[in-house]
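Here's the structure, in structure tokens; my notes come after.
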Amino acid sequence: MIDKKMEQAFNEQINAEFFSEYLYLSMKAYFADLNLPGFVNWLSVQVQEEHAHGMGMFDYLIQRGGTVKLSEIAKPDSCWASPVECFRKISEHEQLVTSLINKRMDVAEEVKDRAAMHFLDWYLKEQVEEEDSVCNVLRTLELIGDDKHALLMLDRELATRTFTQPVIG
Ligand code: FEO
């Protein structure tokens, strides 16, 4: 049976992953309003990834004999000053998620749950990729500045991103 402290840590992270899904859904709507379909696609993939992350923990907690307790998902922002500001927010958010997963790992170490440590390791590796992919778009947006033509070229590139169901754990 999973330790109660570990169970709570997983439940908190499930909420954080579903909040991420909700936040990116809100950003998808923001880019739809700007008529940038490539950014909309990029965010769609992000939404699906966050859903998979949340469900991965949801299923794992059940598999470990724990109880999933869903809590309220906070209201996300819905307006950003510009695409680059929006991606700055994504970058900050992903860094926050990384710190949260590190905190869950601290709990796993404290209660000596090696299986949970191994499981959370996948999430830590995923965060390295997530932070990198967001950072790449952010750097390009910073280079682009006010160049609308370059922004449309980036939009075309982001339209090619596809979702692959991750194999978690
Ligand atoms: Fe599931 Fe983007 O962290």
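The values are calculated or read from the model by the stated rules, or taken from the named source; none is laboratory data. Please read all numbers here as calculations on a predicted model, not as lab measurements. Reconstructed Cβ throughout: ideal geometry from the backbone, glycine too, with neighbour counts over all protein chains shown.
Key figures for this structure:
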| item | result |
| --- | --- |
| Matching residues in the stretch 98-118 - criterion: being under 15 Å from the mean Cα position of the chain (by Cα), without any contact (Cβ under 8 Å) to a residue 40 or more places away in the chain and closer than 14 Å to A9 by Cβ | S99, N102 |
| Number of the condition not met by S20 [criteria: (1) within 13 Å of I90 (Cβ to Cβ); (2) modelled with pLDDT under 95] | (2) |
| Selection within the stretch 65-92 - acidic (D, E) and assigned to a loop (DSSP other than H, G, I, E, B) | E72, D77 |
| Residue ID - nearest to D3 (Cα to Cα), chosen from residues in the stretch 77-92 that are hydrophobic (A, V, I, L, M, F, W, C) and touching a residue at least 12 places away in the same chain (Cβ under 8 Å) | I90 |
| Conditions (1) in a helix (DSSP H, G or I); (2) in contact (Cβ under 8 Å) with a residue 60 or more places away in the chain: number failed by Q95 | (2) |
| All positions within the stretch 49-75 that are buried (at least 17 other Cβ atoms within 10 Å of the Cβ) and within 29 Å of E157 (Cβ to Cβ) | E49, E50, H51, A52, H53, G54, G56 |
| Members of the stretch 97-107 that are β-branched (V, I, T) and either within 16 Å of the ligand (Cβ to nearest atom) or exposed (fewer than 13 other Cβ atoms within 10 Å of the Cβ) (or both) | V97, T98, I101 |
| Residue in the stretch 69-76 that is among the acidic types (D, E) and under 29 Å from E7 (Cβ atoms) present | yes |
| Members of the stretch 50-76 that are within 15 Å of the ligand (Cβ to nearest atom), in contact (Cβ under 8 Å) with a residue 40 or more places away in the chain and more than 30 Å from L151 (Cβ to Cβ) | G54, G56, M57, F58, Y60, I73 |
| Set E85, E110, E92: member being acidic (D, E) and either within 13 Å of the ligand (Cβ to nearest atom) or surrounded by 15 or more Cβ atoms within 10 Å (Cβ to Cβ) (or both) | E92 |
| Residue tally, condition of a type in the set (A, V, I, L, M), in contact (Cβ under 8 Å) with a residue 40 or more places away in the chain and loosely packed, with under 14 Cβ neighbours inside 10 Å, over the stretch 121-151 | 0 |
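The rows are residues; the columns are (1) away from the ligand (no atom under 13 Å from the Cβ); (2) closer than 17 Å to Y60 by Cα; (3) not acidic (D, E).
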| residue | (1), (2), (3) |
| --- | --- |
| A116 | yes, yes, yes |
| F119 | yes, yes, yes |
| D132 | no, no, no |
| N136 | yes, no, yes |
| I144 | yes, no, yes |
| K148 | yes, no, yes |
| L152 | yes, no, yes |
| E157 | yes, no, no |
